[in-house]
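This report concerns only the one structure given below.
The values are calculated or read from the model by the stated rules, or taken from the named source; none is laboratory data. Model, not experiment: these values are computed from the prediction. Here the Cβ positions follow ideal geometry from the backbone for every residue, glycine too, while neighbour counts run over all protein chains shown.
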Amino acid sequence: MTHLRAEFDVEGRPLQSTGFSKIEIVTTTEEVEGIEVVGVLESAGEGMLELLLADGKSPEIAEELWGPFEEHLEKGKLFVNVKMENNKIVEIRAVQKKATDE
């Protein structure tokens with residue numbers, strides 16, 4: 001947020017927006033290929049799960065988006081390509097782990 005001014009009152013110096021105030025929402029996008037899914041946890045958000053990835057990240061994923069992959073994880077190791085926006089998975093695809101990768 002930009003263009004703020006201080007207003008003095010009995011409680012201190014709260015910030016006030018001005019006619020020139022601007023709020024900018026920053027969206028981060030990240031794509032990860034061939035990452036192993038270690039597990040899944042319930043998330044605080046309704047209809048959301050937390051995906052535990054081998055790189056230590058734990059982005060959220062919608063239950064409907066994760067549903068088709070649950071069985072693959074139960075059978076053994078699951079490697080996926082994911083696209084995340086603001087730490088939420090918006091696209092996921094299962095991939096084969098190459099024998100040369102370690």
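Points worth noting:
- Scanning region 37-85 for residues that are among the aromatic types (Phe, Trp, Tyr) and either under 29 Å from Ile25 (Cα atoms) or assigned to a strand (DSSP E or B) (or both) turns up Trp66, Phe79.
- Restricting attention to region 60-80, the residues that are in contact with a helix residue (DSSP H, G or I) (Cβ under 6 Å, 6 or more places away or on another chain) and either loosely packed, with under 11 Cβ neighbours inside 10 Å or hydroxyl-bearing (Ser, Thr, Tyr) (or both) add up to 0.
- Residue, surrounded by the most Cβ atoms within 10 Å (Cβ to Cβ), within region 12-36, restricted to residues that are in a loop (DSSP other than H, G, I, E, B) and at pLDDT 65 or above: Pro14
- Residue check, Arg93 charged (D, E, K, R), modelled with pLDDT under 90 and either in a loop (DSSP other than H, G, I, E, B) or surrounded by fewer than 15 Cβ atoms within 10 Å (Cβ to Cβ) (or both): no
- Any chance Leu78 is in contact with a strand residue (DSSP E or B) (Cβ under 6 Å, 6 or more places away or on another chain) and in contact (Cβ under 8 Å) with a residue 40 or more places away in the chain: yes
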